[in-house]
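The values are calculated or read from the model by the stated rules, or taken from the named source; none is laboratory data. Just so you know, these numbers come straight off a predicted model, no measurement behind them. Note that we place each Cβ from the backbone using ideal geometry, even for glycine, and neighbour counts take in every protein chain shown. Side chains included, ligands, DNA and RNA excluded: accessible areas come from the protein's heavy atoms. Shrake-Rupley method; radii C 1.70, N 1.55, O 1.52, S 1.80 Å.
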Amino acid sequence: MTAYPLLTATTFLPLVGAALILLGGERRARWIALVTTLATMAVSAPLYWRFDKTSSRLQFVESANWIPTWNIAYGMGVDGISLPFIILAAVLTVLCVSVSWTAVRTRVPEFYASLLVAETAMIGVFAAANLFLFFIFWELMVIPLFLLIGVWGGPARVYAAMKFLLFTLAGSVLMLVGIIALYNEFGTLDFRELAAATLQPTLQAWLFVAFLAAFAVKVPMFPVHTWLPNAHTEAPTAGSVILAGILLKMGAYGFLRVSLPILPDAVQFFLTPMLVISAVAIVYGAYVTLVQTDIKRLIAFSSVSHMGFVTLGIFTLNHSGVEGAILQMINHGIISAALFLCVGMIYERTHSREIKDYGGVARIAPVYSTFLALFCLAAAGFPGLNSFVGEFLIISGAFQTRAWLGAMAVWGVALGTAYLIWFYYRVVMGEMNSRLEGLKLELNAREVATLAPLALLALCLGLYPELVLSYVRAPVAELLAGGLMP
């Protein structure tokens, strides 16, 4: 237990900021959002510095009776798996406020209020210590993302928002059925108590399918990924950053928090299909990315491939794979967010996402081109940058499980390098497109300050991945010791 409710403060401070924005009017909205997100990041910092990395137990625990008749408590707590995602969510939301400073000109208070509500939902999912609270924050996340896409998105925003809503709600309904079944069986929804309980294998199988419906959509896993390109393409830059940086990680986190510890027999039963689907996603996503002509759709389909690496690592059920998957979730959150920020910044000047409308950008925007090169190399798994270690661990774990899985993963890395280099060449190198003449494409000081933290994180995690791995090692060891390792 903690004397000061750090997790509650970190989770609900953005909600307070959202209320102040709606009361303060348009002139103050941007500044209130910036101060609130910076304050949230500052409040969350002690979670990282004061965390005991040697323990696998929940820390900074908060618990209070909430619904006694249902044996449901208000429970918050973090372990080494959930903590990095809370820090990542706090950092990315600050950058979302910054990149939207001049890009969003309509319904400004409502935009920033939606963004802060999304931050509360994101942090709450990773801080929840029971399934009831987890589900509340999981569902809360849908509302602000639906608004961000549907109100401030592109020409096809209504279609994209409705598709996102229908896919996510369809999965959530089945997850709710699974939660009710678990409650009826044990009379509790506490994660630790459920992990210590024993379920019949048949019931585990049905529950695994119910939770899979929700988690697979959020990842998104092949073939329920089709909402993602539409959502990314139409969402404003901040919406794309939240989607790629955090929302996709919620599904994979659900596997780690619910499926693996609570349903171990079902995990073993469905292991081969999950590995096959993950391998297919890696290669399929990479091939589809190669033929994209819209920059945002290219990054969106690359996320399908990269998240295939994550689910592959999780279901290898060995230390290398699972630790690599968690590290790669953080890496992908950093890199995909950075790439979408880069796209948003240049789109604000050119109003085009078509690759054919670019070329020779390096001649007039060398700083922008340098940042883009760094993030493309990081996404390709260049040694010394953050994705290299994560992909190395996942591929190592895949080879330990089945050799052909490792081969598929290696082929996915090769394809990823191909589409990223091809994308960078067409946008930045070669002769300058006449359409860009006279445009000021170079970054301003605010935009450099927005991209610099992500560039620093890509370098730091590439050179010293222990910044994340040292936190996840103990909980992953406990997770795999629960009858999951082959």
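Quick one: residue 289 ticks every box in (1) under 23 Å from residue 84 (Cβ atoms); (2) open to solvent by less than 10 Å² (accessible area, probe 1.4 Å); (3) of a type in the set (S, T, N, Q) except a single one, so which number is it?
Against the list (1) under 23 Å from residue 84 (Cβ atoms); (2) open to solvent by less than 10 Å² (accessible area, probe 1.4 Å); (3) of a type in the set (S, T, N, Q), residue 289 comes up short only on (1).
Considering 258, 219, which residue is in contact with a Phe, Trp or Tyr (Cβ under 7 Å, 6 or more places away or on another chain), closer than 20 Å to residue 325 by Cα and buried (at least 24 other Cβ atoms within 10 Å of the Cβ)? It would help to see each step written out before you state the result.
Working: 219 fails: in contact with a Phe, Trp or Tyr (Cβ under 7 Å, 6 or more places away or on another chain).
Checking each option against the conditions leaves just 258.
Without any contact (Cβ under 8 Å) to a residue 40 or more places away in the chain, in a helix (DSSP H, G or I), of a type in the set (S, T, N, Q) and out of contact with any strand residue (DSSP E or B) (no Cβ under 7 Å at 6 or more places or on another chain): is that true of residue 230 in this structure?
no
The conditions are (1) open to solvent by 60 Å² or more (accessible area, probe 1.4 Å); (2) more than 17 Å from residue 338 (Cα to Cα); (3) in contact (Cβ under 8 Å) with a residue 40 or more places away in the chain, and residue 351 fails exactly one of them. Which is it?
(3)
Please work out if residue 209 is surrounded by fewer than 19 Cβ atoms within 10 Å (Cβ to Cβ) and in contact with a helix residue (DSSP H, G or I) (Cβ under 9 Å, 6 or more places away or on another chain).
Against the criterion (surrounded by fewer than 19 Cβ atoms within 10 Å (Cβ to Cβ) and in contact with a helix residue (DSSP H, G or I) (Cβ under 9 Å, 6 or more places away or on another chain)), residue 209 qualifies.
Just to be sure I understand the filter: pairs with C-beta atoms under 8 Å, separated by 6 or more residues or on different chains, first member in segment 53-76 and part of a loop (DSSP other than H, G, I, E, B), second member open to solvent by 50 Å² or more (accessible area, probe 1.4 Å). Which pairs pass?
Final answer for the pair search is 53/473; 56/478; 58/192.
Any idea which residue in segment 60-81 is surrounded by the fewest Cβ atoms within 10 Å (Cβ to Cβ), counting only those that are over 17 Å from residue 12 (Cα atoms) and under 24 Å from the mean Cα position of the chain (by Cα)?
Ranking the candidates gives 81 first.
Here is a yes/no grid of residues against (1) assigned to a helix (DSSP H, G or I); (2) open to solvent by less than 10 Å² (accessible area, probe 1.4 Å):
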| position | (1), (2) |
| --- | --- |
| 91 | yes, no |
| 97 | yes, yes |
| 101 | no, no |
| 105 | no, no |
| 121 | yes, yes |
| 135 | yes, no |
| 144 | yes, yes |
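This table checks each residue for (1) free of Cβ contacts under 8 Å to residues at least 60 places away in the same chain; (2) over 26 Å from residue 77 (Cβ atoms); (3) open to solvent by 60 Å² or more (accessible area, probe 1.4 Å); (4) in a helix (DSSP H, G or I).
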residue	(1), (2), (3), (4)
155	no, yes, yes, no
163	no, yes, no, yes
169	yes, yes, yes, yes
176	yes, no, yes, yes
198	yes, no, yes, no
213	yes, yes, no, yes
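Go through 272, 370, 311 for me and flag whichever is more than 20 Å from residue 426 (Cβ to Cβ), part of a helix (DSSP H, G or I) and open to solvent by 10 Å² or more (accessible area, probe 1.4 Å).
Step by step, each of 272, 370, 311 is checked, and only 272 is more than 20 Å from residue 426 (Cβ to Cβ), part of a helix (DSSP H, G or I) and open to solvent by 10 Å² or more (accessible area, probe 1.4 Å).
Checking residue 382 against (1) open to solvent by less than 40 Å² (accessible area, probe 1.4 Å); (2) under 18 Å from residue 306 (Cα atoms); (3) among the hydrophobic types (A, V, I, L, M, F, W, C): exactly one of these is not met. Which one?
(1)
If residue 226 passes every condition in (1) under 19 Å from residue 315 (Cβ atoms); (2) open to solvent by 10 Å² or more (accessible area, probe 1.4 Å); (3) modelled with pLDDT under 90 but one, which one does it miss?
With respect to (1) under 19 Å from residue 315 (Cβ atoms); (2) open to solvent by 10 Å² or more (accessible area, probe 1.4 Å); (3) modelled with pLDDT under 90, residue 226 is out only on (1).
Looking at segment 373-403 only, could you name the residues that are among the aliphatic types (A, V, I, L, M) and assigned to a helix (DSSP H, G or I)?
Answer for segment 373-403, where residues must be among the aliphatic types (A, V, I, L, M) and assigned to a helix (DSSP H, G or I): 373, 374, 377, 378, 379, 389, 393, 394, 395, 398, 403.
Which members of segment 440-462 meet the condition of being exposed (fewer than 14 other Cβ atoms within 10 Å of the Cβ) and either part of a loop (DSSP other than H, G, I, E, B) or out of contact with any helix residue (DSSP H, G or I) (no Cβ under 8 Å at 6 or more places or on another chain) (or both)?
Across segment 440-462, the qualifying residues are 440, 444, 445, 452, 456.
Quick one: residue 406 ticks every box in (1) more than 18 Å from residue 302 (Cα to Cα); (2) touching a residue at least 24 places away in the same chain (Cβ under 8 Å); (3) not in a loop (DSSP other than H, G, I, E, B); (4) not basic (Lys, Arg) bar one, so which box is it?
(2)
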